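Worksheet: the structure to be examined is printed underneath.
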Amino acid sequence: MKNSRYLDEWAGLDEAWARERVGQALFFEGAESTWERLKPRLVRQLLCEATAQADCTCRSCQTPLDRHPDWRRLTPATRVHIDKDQIVEMTEWAETRPLWSPRKLVVIDPADKLSRVAESHLLKHLEEPPAYLVYALWSSTPDQILPTIHSRCQHWRLAFSPGEAPAGWSLNILQQKDQMTLDNVLWAARYARERYRATGRAEWLRFWEALADVHRTLAANGNPDLALGRLYPVWPEGAP
């Protein structure tokens, strides 16, 4: 989905739904506790065959979700990643029309557990999903996910704040190997994301993408030299 919109409170979901302004690929970012409260309501809204009200007695609303034929939830198969095979299986399932509901639903949580190969396969499907298919992705750490995934989603920020960056923090500390930590890379990715949203400059997008890769590299091998080597060529001109 091109030209994603960033919407600030999930409480406004009902209003957007009523105006038919809810997209086919939804990205929810925020605290897990808030997402867990929202998820059942979201799933029922999407799968309901009638009014989608709390007292609805349609087949979909009365069937336990683990027995509903028109939704899938993807979680890490290996306790580490959501892998490519899971995405391939899901896209094959998505090729057929829904059996009960007006649409099929795929919930991916947490989306930051998608492997890079899985993300690439998902991207192809996000570009032109079937008209009856809706994706709902959630993450509390969205900056670990490829910006190209973000660009195809309509964003909803759950009522949650990531807090303030540590005192004295700046991008420059990443040029010191002993400061190349997972937390500092995430703060840098948040900064790059906001700069890209504010300016639309491609160099901030490239930097954001590089930081997402660096975070995974550090998590895998903890090598700050590899991380620095990835960032130096794409460091935005004039960045603090």
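The values are calculated or read from the model by the stated rules, or taken from the named source; none is laboratory data. These numbers were taken from a predicted model, which means no experiment stands behind them. Neighbour counts run over all protein chains shown; Cβ positions are idealised from the backbone, glycine included. Quick note on the areas: whole protein, heavy atoms, side chains included, nothing else; ligands and nucleic acids left out. Shrake-Rupley method; radii C 1.70, N 1.55, O 1.52, S 1.80 Å.
Order the following by accessible area, largest value first: 37, 190, 73. Probe radius 1.4 Å; ligands, DNA and RNA are ignored.
37, 73, 190
Would you list 113, 124, 104, 177 from the most to the least accessible area, probe 1.4 Å?
From most accessible down to least: 124, 177, 113, 104.
Can you give the FRET efficiency for residue 57 and residue 36, using 1/(1 + (r/R0)^6), R0 = 25 Å, r = Cβ-Cβ distance, to the nearest 0.05?
Approximately 0.50, to the nearest 0.05.
Can you give the alpha-carbon Rg of region 29-167 over 2.2 N^0.38 Å, where N counts its residues?
The reported ratio for this selection is 1.09.
Suppose accessible area is computed on protein heavy atoms with a 1.4 Å probe; arrange 232, 132 from highest to lowest.
232, 132
Counting only residues 5 or more places away or on other chains, whose amide H sits under 5 Å from the amide H of residue 24 once H atoms are built in the peptide plane?
So residue 24 has HN proximity to no qualifying residue.
In vacuum, with every alpha carbon of region 88-194 counted as one equal point scatterer, what does the Debye formula give for log10 I(q)/I(0) at q = 0.12, 0.14 Å⁻¹? Two decimals, please.
Summing over Cα pairs of region 88-194 leads to -0.53, -0.68.
Reachable lysines from residue 84, Cα under 17 Å, same-chain residues fewer than 8 places away excluded?
Candidates past the 8-residue exclusion: 113, 124.
Apply 1/(1 + (r/R0)^6) to the Cβ-Cβ distance of residue 232 and residue 148, taking R0 = 25 Å, and write down the FRET efficiency to the nearest 0.05.
Taking R0 as 25 Å, the efficiency between residue 232 and residue 148 is 0.65.
For region 86-240, with the dipole built from +1 on Lys and Arg beta-carbon atoms and -1 on Asp and Glu ones, taken about the Cα centre, which of 139, 227, 217 lies farthest toward the positive end?
139
Once R0 is set to 25 Å, what does the formula 1/(1 + (r/R0)^6) return for the Cβ-Cβ distance between residue 223 and residue 141, expressed as a FRET efficiency to the nearest 0.05?
0.75
Would you mind computing, in nm to one decimal, how far apart the modelled labels at residue 182 and residue 93 are, each placed 7 Å from Cα along Cα→Cβ?
So the label points at residue 182 and residue 93 sit 2.8 nm apart.
Mind giving me the nanometre distance, one decimal, between the label points for residue 131 and residue 199, set 7 Å out from Cα along Cα→Cβ?
About 4.2 nm separates the two model spin labels.
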